[in-house]
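Can you read through this structure? Questions will come right after.
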């Protein structure tokens, strides 16, 4: 591979991963501000930006704080030190919070009110509305509220993660001010409905207006909402665990008491209660986020689900795949024998593709064994119900369940216990590594002997997220590929040596080097006059070694187009370094979760799909798999898919060399083109052609 013609400078060539993520969430907020979208869609995107920020602090900032506290070395060449990154993130998020407030207060609330949806303050209620809310408080709220005073006899109470509370300052007569906390119940609606249609009032304001019922004979000096976010990072030595299931149970229990990483407060909160909260929760000034108006934007999702005609994009109804019949197990397996099948969710219905495959495997008496790896799954899972039915029917069923899928450990623990009780052989992966790959192996008795069928996916076996996550899956019975997957399962569940794979590429053993070799090969093709081209779609790009290789390829003249939904740490468009690299992000009503990698290979195209992003953690600290797509028709379909996303001028943003993102705007004479809407229309057309 040719050497870099410019010496790498981390600050000049790379972008902070965490700051890049904040910019991703700013793009999500941009969807909420987009006046061309229906109002309830915009409100939902604002809620999603709040949910994203909650998860960011729990996962990312928790890890960053732990890195600073323990003085851990940074991964690879980073543009900022850990302390610098924390300061940059704090500044970026403070700005984002202001933008969220502006979007809700100045844009969405007026437009929603005009459309008939009102969120009123308690002070805005008329006498009839107040009477209704007063009765609601007495009947539904007062019996479950618990005022918690703080004084020498009553210590500062435990504040649970993401809970909404009131910081109340009180006084007996002319005495010194006293502090109390009142938690807003999470098991009651945040938005209390009034008798008028689509009119609501926040529960915290109703409680605040009735504090005299909780603190009789006292003067209420002030009451202001606050909200605490705790880290999801719990320092535990996994290597010392005797049992990974017990380890995960303890992890979930201890996370409740993890350090606070964010304190959101009403901007009008006086200094006294603010300092008391900071001291008791152990947070510094950069971790305090004063907010105008509401706290906890994630709760706006329930408001976005009200029935307001004409203010929501009609729900997409997923369609069956034209090549996967669901009439009988035999017909489905026959279709896969005829040719590999690529499915694209949610355009293709998860239940009538993946669900049908698993149901067929459970019902078909010719199926002898099923093996599956799971990362995240739903609380109600047709996938796991099918596997339990198969085990109860006497089939050999093995599941490798990743217990350490962060924030989903509790659900996975519950499923692990149910699966073991149903007779499924359950394994929990490797100590020190997360098993992130998603695949299913089915072994079936056929007239010519045993045949293996495989489903590999870029996304989870999750009925819920499959409705709004965009993911790819491959069904195949290719002998070499299915043998690889069989070897892989034996390696995961037993003591087998690392296999020499025929087709698949696996992390952490050989994926990094394979990708580097593919990039180097494009450089060789380019230098030999055959041209070089790389098009890759992924969730995130943050690996320094792969980014450096892409810089080298760009300098050699390789054309590189990257579609990266979330954070991207590589700076494109730098003269002499990355001017042949473009980076875009496409956002819309579906969350783009697919990973597709295309290397032109001098005209002998290679395409891969799989579970891995181009990140240090995926390549070195997770068990991942990408698989080559061999069928020519499927290759053409994936190449076309990538081009569709490169054409988008509705939901696309482009990354600039300075680290900022700009919205792709269609030229006056250029027709609007949405990748997601085009794919939906294409799925409908394909289904109609069969009618």
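Mind checking which residues of the range 356-370 are surrounded by 21 or more Cβ atoms within 10 Å (Cβ to Cβ) and either in contact (Cβ under 8 Å) with a residue 40 or more places away in the chain or not assigned by TED's automatic domain parsing to the domain that holds residue 440 (or both)?
357, 358, 361, 367, 370, listed by residue number.
I'd like to verify a number: residues in the range 631-640 that are surrounded by fewer than 23 Cβ atoms within 10 Å (Cβ to Cβ) and closer than 26 Å to residue 374 by Cβ, how many?
Adding up the residues that qualify gives 1.
With a cut-off of at least 3 residues that are under 30 Å from residue 642 (Cβ atoms), name the strands (runs of 3 or more DSSP E) lying wholly within the range 424-475.
438-446, 449-457
Considering every residue within the range 147-157, establish whether at least one is in a loop (DSSP other than H, G, I, E, B), out of contact with any strand residue (DSSP E or B) (no Cβ under 8 Å at 6 or more places or on another chain), without any contact (Cβ under 8 Å) to a residue 24 or more places away in the chain and within 26 Å of residue 258 (Cβ to Cβ).
Yes, the range 147-157 contains at least one residue that is in a loop (DSSP other than H, G, I, E, B), out of contact with any strand residue (DSSP E or B) (no Cβ under 8 Å at 6 or more places or on another chain), without any contact (Cβ under 8 Å) to a residue 24 or more places away in the chain and within 26 Å of residue 258 (Cβ to Cβ).
Now a separate question. Could you tell me whether residue 646 is under 27 Å from the mean Cα position of the chain (by Cα), part of a helix (DSSP H, G or I) and closer than 24 Å to residue 29 by Cα?
yes
A further question on this structure: Let me confirm something: among 86, 60, 17, 12, which residue is under 22 Å from the mean Cα position of the chain (by Cα), surrounded by fewer than 22 Cβ atoms within 10 Å (Cβ to Cβ) and either outside the structural domain of residue 164 (by TED's automatic domain parsing) or without any contact (Cβ under 8 Å) to a residue 60 or more places away in the chain (or both)?
Selected residue: 60, the only one of 86, 60, 17, 12 that is under 22 Å from the mean Cα position of the chain (by Cα), surrounded by fewer than 22 Cβ atoms within 10 Å (Cβ to Cβ) and either outside the structural domain of residue 164 (by TED's automatic domain parsing) or without any contact (Cβ under 8 Å) to a residue 60 or more places away in the chain (or both).
Moving to a separate point now. Scan the range 521-532 residue by residue and report those that are assigned to a helix (DSSP H, G or I) and either more than 16 Å from residue 561 (Cα to Cα) or not assigned by TED's automatic domain parsing to the domain that holds residue 560 (or both).
521, 524, 525, 527 - these are the residues of the range 521-532 that are assigned to a helix (DSSP H, G or I) and either more than 16 Å from residue 561 (Cα to Cα) or not assigned by TED's automatic domain parsing to the domain that holds residue 560 (or both).
Then there's this: Which condition number in (1) within 19 Å of residue 14 (Cα to Cα); (2) in a strand (DSSP E or B); (3) out of contact with any helix residue (DSSP H, G or I) (no Cβ under 8 Å at 6 or more places or on another chain) is the one that residue 608 fails?
(1)
Next question, about the same structure. Which one of the conditions (1) modelled with pLDDT under 95; (2) buried (at least 23 other Cβ atoms within 10 Å of the Cβ) does residue 544 fail to meet, given that it meets all the rest?
In the conditions (1) modelled with pLDDT under 95; (2) buried (at least 23 other Cβ atoms within 10 Å of the Cβ), residue 544 misses (2) alone.
Then there is this: For the range 406-419, which residues satisfy the criterion of being touching a helix residue (DSSP H, G or I) at 6+ places or on another chain (Cβ under 9 Å) and modelled with pLDDT under 90?
Listed by number, the residues that qualify are 406, 407, 409, 410, 412, 413, 415, 416, 417, 418.
Moving on to the next point. Determine whether the range 386-396 contains at least one residue that is modelled with pLDDT under 90 and assigned by TED's automatic domain parsing to the domain that holds residue 490.
no
Ok, one more. Does residue 135 satisfy the condition of being assigned to a helix (DSSP H, G or I), modelled with pLDDT of 95 or more, loosely packed, with under 11 Cβ neighbours inside 10 Å and assigned by TED's automatic domain parsing to the domain that holds residue 289?
Yes: the conditions hold for residue 135.
Still on this structure, I have one more. Look through 69, 85, 91 and report the one residue that is farther than 27 Å from residue 192 by Cβ, in contact with a helix residue (DSSP H, G or I) (Cβ under 6 Å, 6 or more places away or on another chain) and in a helix (DSSP H, G or I).
From the options 69, 85, 91, the qualifying one is 85.
Then there is this: Assess whether residue 496 counts as being farther than 22 Å from residue 628 by Cβ, in the same structural domain as residue 333 (by TED's automatic domain parsing) and over 27 Å from the mean Cα position of the chain (by Cα).
yes
Among the residues of the range 139-162, which ones are under 16 Å from residue 279 (Cβ atoms) and either surrounded by 15 or more Cβ atoms within 10 Å (Cβ to Cβ) or in contact with a helix residue (DSSP H, G or I) (Cβ under 8 Å, 6 or more places away or on another chain) (or both)?
150, 156, 157, 159 - these are the residues of the range 139-162 that are under 16 Å from residue 279 (Cβ atoms) and either surrounded by 15 or more Cβ atoms within 10 Å (Cβ to Cβ) or in contact with a helix residue (DSSP H, G or I) (Cβ under 8 Å, 6 or more places away or on another chain) (or both).
Okay, next question. Criterion first (surrounded by fewer than 17 Cβ atoms within 10 Å (Cβ to Cβ), over 24 Å from residue 353 (Cα atoms), within 21 Å of the chain's Cα centre (by Cα) and at pLDDT below 90) does residue 403 satisfy it?
The answer is no for residue 403.
Mind counting the residues in the range 491-505 that are part of a loop (DSSP other than H, G, I, E, B) and in contact with a helix residue (DSSP H, G or I) (Cβ under 8 Å, 6 or more places away or on another chain)?
So the count comes out to 8.
Looking at this structure, is residue 512 over 26 Å from residue 332 (Cβ atoms), within 26 Å of the chain's Cα centre (by Cα), crowded, with 18+ Cβ neighbours inside 10 Å and modelled with pLDDT of 95 or more?
Considered against the rule, which asks whether it is over 26 Å from residue 332 (Cβ atoms), within 26 Å of the chain's Cα centre (by Cα), crowded, with 18+ Cβ neighbours inside 10 Å and modelled with pLDDT of 95 or more, residue 512 comes out as yes.
Let me ask something additional. Look through the range 190-226, keep the residues that are out of contact with any strand residue (DSSP E or B) (no Cβ under 7 Å at 6 or more places or on another chain) and surrounded by fewer than 19 Cβ atoms within 10 Å (Cβ to Cβ), and return whichever of them is modelled with the lowest pLDDT.
For the range 190-226, the residue satisfying everything is 217.
Would you say residue 71 is surrounded by fewer than 18 Cβ atoms within 10 Å (Cβ to Cβ) and within 17 Å of residue 229 (Cα to Cα)?
It is false that residue 71 is surrounded by fewer than 18 Cβ atoms within 10 Å (Cβ to Cβ) and within 17 Å of residue 229 (Cα to Cα).
Could you list all residues from the range 328-352 that are touching a residue at least 60 places away in the same chain (Cβ under 8 Å), touching a strand residue (DSSP E or B) at 6+ places or on another chain (Cβ under 8 Å) and within 22 Å of residue 393 (Cα to Cα)?
Scanning the range 328-352 gives a single hit, 333.
Quick check on my filter: what residues within the range 343-355 are surrounded by fewer than 22 Cβ atoms within 10 Å (Cβ to Cβ) and touching a helix residue (DSSP H, G or I) at 6+ places or on another chain (Cβ under 6 Å)?
347, 355 - these are the residues of the range 343-355 that are surrounded by fewer than 22 Cβ atoms within 10 Å (Cβ to Cβ) and touching a helix residue (DSSP H, G or I) at 6+ places or on another chain (Cβ under 6 Å).
Can you find a residue in the range 572-583 that is at negative phi, in a strand (DSSP E or B), at pLDDT 95 or above and surrounded by 20 or more Cβ atoms within 10 Å (Cβ to Cβ)?
Yes: one or more hits.
Residue 561 is checked against (1) crowded, with 21+ Cβ neighbours inside 10 Å; (2) in a strand (DSSP E or B) and fails just one. What number does that condition carry?
Just one mismatch for residue 561, condition (1).
May I ask you to verify whether residue 51 is at pLDDT 95 or above, under 19 Å from residue 227 (Cα atoms) and either surrounded by fewer than 17 Cβ atoms within 10 Å (Cβ to Cβ) or touching a helix residue (DSSP H, G or I) at 6+ places or on another chain (Cβ under 6 Å) (or both)?
It is true that residue 51 is at pLDDT 95 or above, under 19 Å from residue 227 (Cα atoms) and either surrounded by fewer than 17 Cβ atoms within 10 Å (Cβ to Cβ) or touching a helix residue (DSSP H, G or I) at 6+ places or on another chain (Cβ under 6 Å) (or both).
The values are calculated or read from the model by the stated rules, or taken from the named source; none is laboratory data. Just so it is clear, the structure is predicted and the values come from calculations on it, not from any experiment. Don't worry about glycine lacking a Cβ; one is built from the backbone with ideal geometry, like all the others, and counts go over all protein chains shown.
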